[in-house]
Structures are given as C-alpha cells and as structure tokens.
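What follows is a single structure, written as structure tokens, with notes after it.
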Amino acid sequence: MDTLMHQTLIDVKNNHTDIKIGEVLFSPAWDLERTTKFMQNIWVPFAYKLTLVYLCIVYFGQKWMATRRAVDNGTMNVVLALWNFGFSFFSGYAAWCLLPELLHVIERRGFI
C-alpha cells in the first residue's frame, strides 16, 4: 500500500498539482477539482492507514493497560479538560465558518 501512496503522490506532482491540506480547508479560492484530487489521491489512502493504526492502538493498548494500575491523581482530569476545551473551540470555529454556507444553500436549494 505504501507503493500505491508513493505512486499517487508522484502522479499528483506530475500533474503540477501541489495540493496541501491548508489549501483544501482554508483557501478562499476553493476549487472542487483540486479538492477532489486531494481527497481521492492523498486523503483516502492515508485515512485507511490511520484507521488501521488506530485499531491496533485500541486493541493492543487494552492488553497493555490491563496490567497497569489506574491513574488516580488529577492529571487525567486536566488532560480531559484541555481536550474538551480544545474540541469545543474547534467545533465552534467550524460552525462559525460553515454556518453561512449552510444557510445559503438551504435558502437557495431547500433542505432536501
């Protein structure tokens, strides 16, 4: 699968299309064709690999942590509070960026 990913990156660069995640997510000059190339050629293969790594971490992490004692100090509470704050901030920012487009599409084309 690594050779497929490598070949895909070569194909994208040979098309003179240097696609970056920042351009796909934050560019004011968003382009459907470039985004589609990015998603099909770079993101989808990467997402499969990332999913496999995640499943391995969950499976083997449970086995590894079964023999360890639980963290009972306040460290985990701080980590979880920071995670929740960061995730809330990200969700609010995403809603702020996407809500105008959503309302525009619903107004022009309806809900369904």
- Query: Assuming Asn41 fulfils every condition listed in (1) outside any helix (DSSP H, G or I); (2) at pLDDT 55 or above; (3) farther than 25 Å from Phe90 by Cβ apart from one, which condition is it?
  - Reply: (1)
- Message: So Lys49 ticks every box in (1) among the charged types (D, E, K, R); (2) at pLDDT below 85; (3) part of a helix (DSSP H, G or I) but one. Which box is left unticked?
- Response: (2)
- Task: Taking Leu32 as meeting all but one of (1) under 20 Å from the mean Cα position of the chain (by Cα); (2) at pLDDT 90 or above, write down the number of the exception.
- Result: (2)
- Going through segment 45-101 in order, the residues found to be loosely packed, with under 10 Cβ neighbours inside 10 Å and small (Gly, Ala, Ser) are Ala66, Ala70, Gly74
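The values are calculated or read from the model by the stated rules, or taken from the named source; none is laboratory data. Everything quoted here is computed from the prediction, not taken from an experiment. Because the Cβ atoms are built from the backbone with ideal geometry, glycine has one as well, and the counts that use them run over all protein chains shown.
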